Structures are given as C-alpha cells and as structure tokens.
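S.K.: Just passing along the structure, written as structure tokens.
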C-alpha cells in the first residue's frame, strides 16, 4: 500500500513540474495590446515573459523608447536588427503577414544568453529598413544599445 501512495505522489509531482518545463503561454487579448499603446499590433506570453510588437516610424519609436527608458532607467537594452520584423508568436506555423518595427520583451526572455536573471530588465528589438530608418533613430542616453547592424546609406 505504501508503494502505491509513494508512486502516486511521485507521479503527481512529475506532472505538475512538467507544465513549467513545457511552458504556459498564449496570445495577449486586445485589452492588453491597447494598454501598450496605439502602436501595439500583437503580443504573447510564455510563463513569466511578455512580448509586444509595435509598428510606427522613427519618430514613434524615439518617443516610445524615451518613455520606456524614463520608466525603467538603465535596465533597458536595445538590440538593432537589419530587415523588417514580423509580429508572430513562437507557435505560429504560418506568417501572420503583420510587419513589426520594434518589439518589447520583459521577464526572463529579455536577458541575453549568459546574463544573470533580472526581472526588471526590458529589451527592445528594433528592425531597420522597415518604417524606421537608421538616420532618424535617437537612442535614449540611459539605454544600453547592445547591437547595431550596419545598414546601407540609401535606406
């Protein structure tokens, strides 16, 4: 009888832990997107991490980034990518056809590989060659620009 109870308890613990291993996630509802501002076009969450995609031009990005840095200070990292971003969730099997000019990631997914976990960290991924042009971007002084991708002068 004791062996059955121990087996049942071990099975229960194993199945509860597996939910966290596989990750709990989903799409953010419209109200969450609206709370991120008019530029937000898509968002999803996985466990304790949130990702929101935004569209706009360089002026919209500059204003957005300045406000975010003002709220979070030096905990904001900006990663610059070449090309046009796509608003998508990791489980999407097809392209949504929704371009994104920048995204905001919070939670454990915001850190770079090898960094210590800091729940206050916010990462902005910025894609150039879409509506945001490199020459028009003004990075906030208190943000850490992690990577700058070389762009052609005519873009």
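The values are calculated or read from the model by the stated rules, or taken from the named source; none is laboratory data. Because the structure is a prediction, the values reported are computed rather than measured. Cβ atoms come from the backbone with ideal geometry, glycine included; neighbour counts cover every protein chain shown.
S.K.: Based on what the data block shows, is residue 36 over 12 Å from residue 102 (Cβ atoms) and either surrounded by fewer than 20 Cβ atoms within 10 Å (Cβ to Cβ) or in contact with a helix residue (DSSP H, G or I) (Cβ under 9 Å, 6 or more places away or on another chain) (or both)?
M.R.: Spelling it out, it is not the case that residue 36 is over 12 Å from residue 102 (Cβ atoms) and either surrounded by fewer than 20 Cβ atoms within 10 Å (Cβ to Cβ) or in contact with a helix residue (DSSP H, G or I) (Cβ under 9 Å, 6 or more places away or on another chain) (or both).
S.K.: Please find, within segment 81-123, the residue that is nearest to residue 51 (Cα to Cα) out of those that are modelled with pLDDT of 75 or more and touching a helix residue (DSSP H, G or I) at 6+ places or on another chain (Cβ under 8 Å).
M.R.: Selected residue: 104.
S.K.: Could I ask something else about it? Using the structure shown, decide if residue 142 is at pLDDT 90 or above and either surrounded by 18 or more Cβ atoms within 10 Å (Cβ to Cβ) or in contact with a helix residue (DSSP H, G or I) (Cβ under 9 Å, 6 or more places away or on another chain) (or both).
M.R.: So residue 142 does not fit the description; no.
S.K.: Which count do you get for residues in segment 40-70 that are without any contact (Cβ under 8 Å) to a residue 40 or more places away in the chain and in contact with a helix residue (DSSP H, G or I) (Cβ under 6 Å, 6 or more places away or on another chain)?
M.R.: So the answer is 2.
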